[in-house]
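Working notes, beginning with the structure itself.
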Amino acid sequence: MQPALDQTAASRGPATANEAAAAAAGKRSLAGLDRSRLGEALANVGVPAKQVRMRVNQLWSWLYVRGVTSFDDMTDVSKELRLKLSEKFTLDRPEIVSEQVSIDGTRKWLLRLPKRGHEVRAPEIETVYIPESDRGTLCISSQVGCTLNCSFCHTGTQRLVRNLEAEEIVAQILLARDRIGDWPGATPPGDGRLLPDTDRKITNIVLMGMGEPLYNFDNVRTAIEVASDGDGLSVSKRRITLSTSGVVPEIGRWGEEAGTMLAISLHAVTDELRDELVPINKRYPIADLMEACRNYPGLSNARRITFEYVMLKGVNDRIADAKALVRLLEGIPAKINLIPFNPWPGTSYECSDWETIERFAEVVNRAGYASPVRTPRGRDILAACGQLKSASEKLRASERAATASASD
């Protein structure tokens, strides 16, 4: 078996001397900004108000259709404006601390973001790309760390640092497209790894990375507006899925204002067990969550909610659990993703036996629900569902443990 590739790689650096100076001076990147923020940036460098809309459209195309990383490449923008922009801003992506490629082609990036405000340490997040023959799915993060403390999830063991800004969410998409050659005329990476047989290599986006996206509602909504804009990145909202652990008051609002597909991290059919697995259930119990799902705007057989159910040996995998799940979802257009538990260091849970998962799936299928068993991807690089946790956080934890051991 070929080992996973683990390499440190700096992101593409500033392309001009002016951009390098801007980066050194801590100037902000325009990459990832929405139209409003781009307009503010242009006004900041003296673009007359009557020209701002036209200039925003120019920058929008260069940023989100062509994926340029240098102002010099914006050939229909005047040299004077390009110079002013490069003096105050960059087009930098987040810094790549490490890039890992799994034996199955899954890619995981550990990304370092610029420090904001009074941050002492530059925050880090993880982003994962999962290729298949007919699609490529990008799993993006919405927060640095997580506050939900789901007991089976590795990410939940990392404390919440802060919400991501909208441009930091979009920047994950831009960086991934850079790395896999998903811009017009770009060359795909030459390492022989699997990529989809499609014109676009990122066809789907899932908000299933680090964090609870509905706890960062406004920034996530703005990022999705950028990602789905038909004149730019142009990812259909039918191909964007937000996954929530059950922030009930925001579910309906998300459907009304953003209108993407919805996934629910369910994992249990009783409040007693879900309180343990997904502690937010203590605030928003299953009955309230199901009511919010039934009322999700636009819900139909053609636009179903996905319910995610991690298979934990001896915990939630009985036939009785499968039957209770079917009863619980009655009347909700739904698909049920059965997720074999992905182990991580220190966990007390085990994955259900394959025969148990198949019997569980059979019960759900007989009830008329599609219940695909999600094939674990990227396990060898801790990139699978529930495994994300920034490498620096893990390193600091191991250093603390070593220090404590030495002092005993």
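Data for the structure
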{"quantity": "Conditions (1) outside any loop (DSSP other than H, G, I, E, B); (2) within 17 Å of the chain's Cα centre (by Cα); (3) hydrophobic (A, V, I, L, M, F, W, C): number failed by V235", "calculated": "(1)"}
{"quantity": "Looking only at the range 324-340, and only at residues there that are among the small types (G, A, S) and over 24 Å from the mean Cα position of the chain (by Cα), the one that is nearest to S243 (Cα to Cα)", "calculated": "G331"}
{"quantity": "Flag for E272 being closer than 16 Å to C150 by Cβ and not in a loop (DSSP other than H, G, I, E, B)", "calculated": "yes"}
{"quantity": "Residue count for the range 128-156, restricted to those that are β-branched (V, I, T) and under 12 Å from G211 (Cα atoms)", "calculated": "4"}
{"quantity": "Checklist (1) surrounded by fewer than 20 Cβ atoms within 10 Å (Cβ to Cβ); (2) farther than 26 Å from N337 by Cα applied to E167, failing item", "calculated": "(1)"}
{"quantity": "From the options T347, T306, T375, T356, residue that is modelled with pLDDT of 95 or more and either within 24 Å of the chain's Cα centre (by Cα) or within 23 Å of L160 (Cα to Cα) (or both)", "calculated": "T306"}
{"quantity": "Members of the range 124-154 found to be part of a loop (DSSP other than H, G, I, E, B), of a type in the set (S, T, Y) and either surrounded by fewer than 23 Cβ atoms within 10 Å (Cβ to Cβ) or without any contact (Cβ under 8 Å) to a residue 24 or more places away in the chain (or both), listed by number", "calculated": "S133, T147, S151"}
{"quantity": "Positions within the range 208-231 being more than 17 Å from the chain's Cα centre (by Cα) and either of a type in the set (D, E) or crowded, with 19+ Cβ neighbours inside 10 Å (or both), in sequence order", "calculated": "D229, D231"}
{"quantity": "Odd one out for A166, checked against (1) in contact with a helix residue (DSSP H, G or I) (Cβ under 7 Å, 6 or more places away or on another chain); (2) without any contact (Cβ under 8 Å) to a residue 40 or more places away in the chain; (3) among the small types (G, A, S)", "calculated": "(2)"}
{"quantity": "Where S265 falls short, out of the listed (1) touching a strand residue (DSSP E or B) at 6+ places or on another chain (Cβ under 8 Å); (2) among the small types (G, A, S); (3) farther than 18 Å from Y215 by Cβ", "calculated": "(3)"}
{"quantity": "Residue in the range 62-78 that is under 17 Å from R179 (Cβ atoms), surrounded by fewer than 23 Cβ atoms within 10 Å (Cβ to Cβ) and among the basic types (K, R) present", "calculated": "yes"}
{"quantity": "Criterion violated by G39 - all others in (1) assigned to a helix (DSSP H, G or I); (2) at pLDDT below 95 satisfied", "calculated": "(2)"}
{"quantity": "Residues of the range 212-222 satisfying the condition of being touching a residue at least 60 places away in the same chain (Cβ under 8 Å) and either assigned to a helix (DSSP H, G or I) or in contact with a helix residue (DSSP H, G or I) (Cβ under 7 Å, 6 or more places away or on another chain) (or both)", "calculated": "P213, Y215, N216, N219, V220, T222"}
{"quantity": "All positions within the range 176-194 that are surrounded by fewer than 19 Cβ atoms within 10 Å (Cβ to Cβ) and either out of contact with any Ser or Thr (no Cβ under 8 Å at 6 or more places or on another chain) or among the aliphatic types (A, V, I, L, M) (or both)", "calculated": "W183, P184, G185, A186, T187, P188, P189, G190, D191, G192, R193, L194"}
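Here's the yes/no breakdown for (1) farther than 16 Å from S243 by Cβ; (2) without any contact (Cβ under 8 Å) to a residue 40 or more places away in the chain:
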position	(1), (2)
R294	yes, yes
F307	no, no
V310	no, no
V315	yes, no
A322	yes, no
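Conditions tested, residue by residue: (1) in contact (Cβ under 8 Å) with a residue 40 or more places away in the chain; (2) surrounded by 21 or more Cβ atoms within 10 Å (Cβ to Cβ); (3) touching a Pro at 6+ places or on another chain (Cβ under 7 Å).
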residue: T244; (1), (2), (3): no, yes, yes
residue: I251; (1), (2), (3): yes, yes, no
residue: W254; (1), (2), (3): yes, yes, no
residue: A263; (1), (2), (3): yes, no, no
residue: H267; (1), (2), (3): yes, yes, no
residue: E272; (1), (2), (3): no, no, no
residue: L277; (1), (2), (3): yes, yes, no
residue: D288; (1), (2), (3): yes, no, no
residue: N301; (1), (2), (3): no, no, yes
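For every residue, the table says whether it meets (1) over 21 Å from V206 (Cβ atoms); (2) touching a strand residue (DSSP E or B) at 6+ places or on another chain (Cβ under 9 Å); (3) buried (at least 22 other Cβ atoms within 10 Å of the Cβ).
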{"residue": "R304", "(1), (2), (3)": "no, yes, no"}
{"residue": "E308", "(1), (2), (3)": "no, yes, no"}
{"residue": "M311", "(1), (2), (3)": "no, yes, yes"}
{"residue": "G314", "(1), (2), (3)": "yes, no, no"}
{"residue": "R318", "(1), (2), (3)": "yes, no, no"}
{"residue": "L325", "(1), (2), (3)": "yes, yes, yes"}
{"residue": "E330", "(1), (2), (3)": "yes, no, no"}
{"residue": "I336", "(1), (2), (3)": "no, yes, yes"}
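The values are calculated or read from the model by the stated rules, or taken from the named source; none is laboratory data. Nothing here was measured: the structure is a model prediction, and the numbers come from that model. Here Cβ is always computed from backbone atoms with ideal geometry, including for glycine, and neighbour counts include all displayed protein chains.
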